[in-house]
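Chemist: Structure below; questions to follow.
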Amino acid sequence: MNEYDSLAMRQLLQEKGFEDVENMDEADIVILETCSVRQKAEDKVFGMIGKLSARRRTTGLPVIIVAGCMAERMKQDLLKKFPQVDIIIGPGHIQYIAEKTQDVLQNFSAGKTAMSVLGFETDRAGETYHKGLYNGIKEIKAFVTVIRGCANYCSYCIVPYVRGPEQSRPYEEILTEISELMERGVKEITLLGQNINIYGKDLDPPISFPELLKKIIAIDSFDRVRFVTTHPKDTRAELIELMAGEEKLMPYLHMPFQSGSDRILKKMNRKYTREEYMKKIESFRKIYPGLSITTDIIVGFPGESEEDYEQTKDMVQKIQFDSAFIFKYSDRSGTRAAEEKEKVPESIIVRRHSELLALQNEITLKKNKAMEGQMVHVLVEGESKTNPTRLTGRTEQNKIAVFEKNNTVKAGDIIKVKVATGCSHSLYCKILK
Ligand code: 5AD
Ligand code: SF4
């Protein structure tokens with residue numbers, strides 16, 4: 001979502017005549033699009049502001065803009081800590097980025113121009129600032145936000161406080177944006193929402209997420225649609241049935257379970273049990289055997305005992321996810337979990353994290369190895385960053401595929417390849433002559 005918001009801001013600035021530079025050290029204006037989900041992400045931003053401030057002291061530039069969730073979370077505190085920051089702009093206000101930047105530039109020579117632009121936009125009717133957003137970096141794939149914000153209030157999560165309540169974009173606007181992306185050659189769309197299943201409930205008249213998907217599929221001339229993120233309590237068989245029956249909907253479901261312990265799930269305010277989650281996975285796999293399922297897990301939530309953690313491990317073992325993002329619990333002030341007294345010591349969190357990561361890596365490797373010999377469809381994205389003799393892309397299940405360069409294959413093509421070797425993070429494939 002931050003990537004999408006960054007591209008939206010870039011487009012708005014470009015429309016006003018601003019230009020990209022290759023290297024941040026050459027920039028007159030730097031916008032930091034920040035994340036508040038975990039402390040580590042925020043620490044990186046502090047380091048970056050420090051570096052930019054040092055350049056500013058010697059050369060007078062750059063203008064420093066902090067955007068994204070950290071801007072919303074810290075508000076004036078950020079200014080107190082870093083008086084060099086010129087604009088603090090929360091996720092609900094990015095449509096004003098260009099005019100605010102122009103204001104700052106006009107006043108810049110007159111000295112300090114710090115200003116903040118905060119708060120949520122609740123009335124988004126007619127908002128079309130990112131319509132037709134063009135992903136200038138990777139023209140082959142693009143994100144499209146369909147619902148912003150979240151009101152689930154999982155007890156560890158800062159998102160509802162920084163991104164505000166759920167607001168669906170009108171479907172007409174989404175369809176226009178996708179059509180324009182398609183005209184510009186985009187082959188794969190990833191629809192974004194913190195809790196995408198409840199898309200459209202707040203619209204008048206309401207529309208469901210599967211209904212939105214059907215409308216998107218009906219647009220001609222594009223190949224692939226994915227979406228993230230689903231919430232287990234709101235994901236129904238109807239969605240999986242639709243995915244199984246529609247070629248354009250990729251067989252990929254990202255459904256975070258967070259913890260395998262009912263006691264912890266309750267404290268997390270997740271509103272499902274481990275049994276309910278496992279049953280859903282079982283039925284989804286029955287409906288759609290080729291479905292790739294990935295998840296998010298948090299270890300070290302306050303009060304997580306060894307037994308609770310073992311239950312999480314047991315679920316990872318039983319479900320056999322295609323891959324999993326495993327996070328160390330991070331205290332976010334203002335959330336309910338942050339107030340809990342019984343914090344898990346860091347050394348235990350680190351141990352549980354690396355153990356679970358090792359287990360999932362083993363499972364991912366085993367699953368990738370089991371694919372050896374299979375034919376897969378890959379959307380080619382371009383040269384591999386680590387090996388320029390190879391091309392890379394994604395399979396329908398969203399696995400990374402790499403293969404040797406070939407004169408007839410170029411970025412944007414969808415090709416059929418054979419998996420030669422399943423590795424821990426990718427599939428090494430061969431183009432069949
Ligand atoms: N600490 C650690 N991980 C978190 N996540 C959200 N909040 C926290 C936190 N306070 C994780 C969840 C979520 C993913 C995007 O980030 O697993 O699904
Ligand atoms: Fe955060 Fe996701 Fe829970 Fe919403 S559903 S509060 S974004 S973890």
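A short reminder: the numbers here are calculations on the coordinates, not readings from a lab. These figures come from a predicted structure and were not determined experimentally. All Cβ positions, glycine included, derive from the backbone under ideal geometry; neighbour counts span all protein chains shown.
Chemist: Tell me, what ³J(HN,Hα) does each residue in region 241-247 have, in order and in whole Hz, if you take phi through Karplus 6.51 cos²θ - 1.76 cosθ + 1.60 with θ = phi - 60° and put x for Gly and Pro?
Modeler: After applying 6.51 cos²θ - 1.76 cosθ + 1.60, I find 4, 4, 4, 5, x, 10, 4 Hz.
Chemist: Zone of Ser208 (label point 7 Å along Cα→Cβ, backbone N under 15 Å): which residues in region 164-180?
Modeler: none
Chemist: Would you mind ranking Thr294, Thr386 by Cβ crowding within 10 Å, fewest neighbours first?
Modeler: Details: Thr294 19, Thr386 9.
Going from least to most buried by this count: Thr386, Thr294.
Chemist: Any chance you could run the full-extension gain for Ser283 through Asp220? It's 0.36 nm times the residue separation minus the Cα-Cα distance, nm to one decimal. Please list the in-between numbers first.
Modeler: Working: separation 63, 0.36 × 63 = 22.68 nm, distance 3.10 nm.
Between Ser283 and Asp220, full extension yields 19.6 nm more.
Chemist: Within 10 Å of each candidate Cβ there may be at most 10 other Cβ atoms; applying that plus a DSSP loop requirement, which trypsin sites (Lys or Arg not before Pro) in region 169-255 survive?
Modeler: The qualifying sites: there are none.
Chemist: Using only the Cα atoms of region 306-433, each taken as one equal point scatterer with no solvent, compute I(q) by the Debye sum, divide by I(0), and report log10 of the ratio at q = 0.16, 0.18, 0.19 Å⁻¹.
Modeler: With no solvent term, the Cα-only Debye profile gives -0.83, -0.93, -0.98.
Chemist: Let me ask you something else. Listing Met371, Met9 from the residue with the fewest other Cβ atoms within 10 Å to the one with the most, what is the order?
Modeler: Working: Met371 18, Met9 24.
Going from sparsest to densest Cβ surroundings: Met371, Met9.
Chemist: Mind jotting down the distance between the C-alpha centroids of region 308-376 and region 3-56, whole Å?
Modeler: The two parts, judged by their Cα centres, are 31 Å apart.
Chemist: A further question on this structure: Which of rounded, prolate or oblate describes region 1-57 when judged by the alpha-carbon gyration tensor and an a/c cut-off of 1.5? Mind showing how you got there, number by number?
Modeler: Values: a/c = 2.98, a/b = 1.19, b/c = 2.50.
Oblate, since a/c reaches 1.5 and b/c is not below a/b.
Chemist: Considering every Cα-Cα pair within region 250-380, what fraction, in whole percent, is farther apart than 20 Å? Please report the intermediate quantities before stating the final value.
Modeler: Values: 4089 of 8515 pairs.
That fraction is 48 percent.
Chemist: Shifting gears a bit: So what's the back-of-envelope 222 nm ellipticity for the chain, counting only DSSP H runs of four-plus at -39500 (n - 2.57) apiece and dividing by all residues, rounded to 500? Could the numbers behind the result be given before it?
Modeler: On the way: 13 runs with 155 residues, N = 433.
Calculated at 222 nm, the ellipticity per residue is -11000 deg cm²/dmol.
Chemist: Additional query: If you build the convex hull over the alpha carbons only and average its shadow over all orientations, what do you get for region 270-342? Give it in nm² to one decimal.
Modeler: On the way: hull surface 22.5 nm².
The orientation-averaged projected area of the Cα hull of region 270-342 comes to 5.6 nm².
Chemist: Relative to the compact globular guide of 2.2 N^0.38 Å, what is the alpha carbon radius of gyration of the chain, as a ratio?
Modeler: Working: Rg = 22.5 Å, N = 433, 2.2 N^0.38 = 22.1 Å.
Against the compact-globule rule of thumb, the ratio is 1.02.
Chemist: Taking a Cβ-Cβ separation under 4.7 Å as the criterion for a possible partner, which cysteines of the chain have none?
Modeler: Taking the Cβ cut-off of 4.7 Å, the unpaired cysteines of the chain are Cys35, Cys69, Cys150, Cys423, Cys429.
Chemist: Test of understanding: extend the Cα→C-beta vector of Lys343 to 7 Å, then name every residue of region 287-319 with backbone N under 13 Å from that spot.
Modeler: Under 13 Å, as judged by backbone N against the label point of Lys343, lie 301-303 of region 287-319.
Chemist: Taking neighbour counts of Cβ atoms within 10 Å as a proxy for exposure, in what order, fewest first, do Cys154, Cys35, Cys423 appear?
Modeler: On the way: Cys154 22, Cys35 17, Cys423 13.
Sorted ascending by nearby Cβ count, the order is Cys423, Cys35, Cys154.
Chemist: Taking the simple approach of a point 7 Å from Cα along Cα-to-Cβ for both Thr386 and Ala370, what is their distance in nm?
Modeler: The answer from the label model is 2.3 nm.
Chemist: Let me ask something else. Which of the GluC sites (Glu not before Pro) found in region 198-303 are loop residues per DSSP with 11 or fewer other Cβ atoms within 10 Å of their Cβ?
Modeler: Qualifying residues, ordered by number: Glu247.
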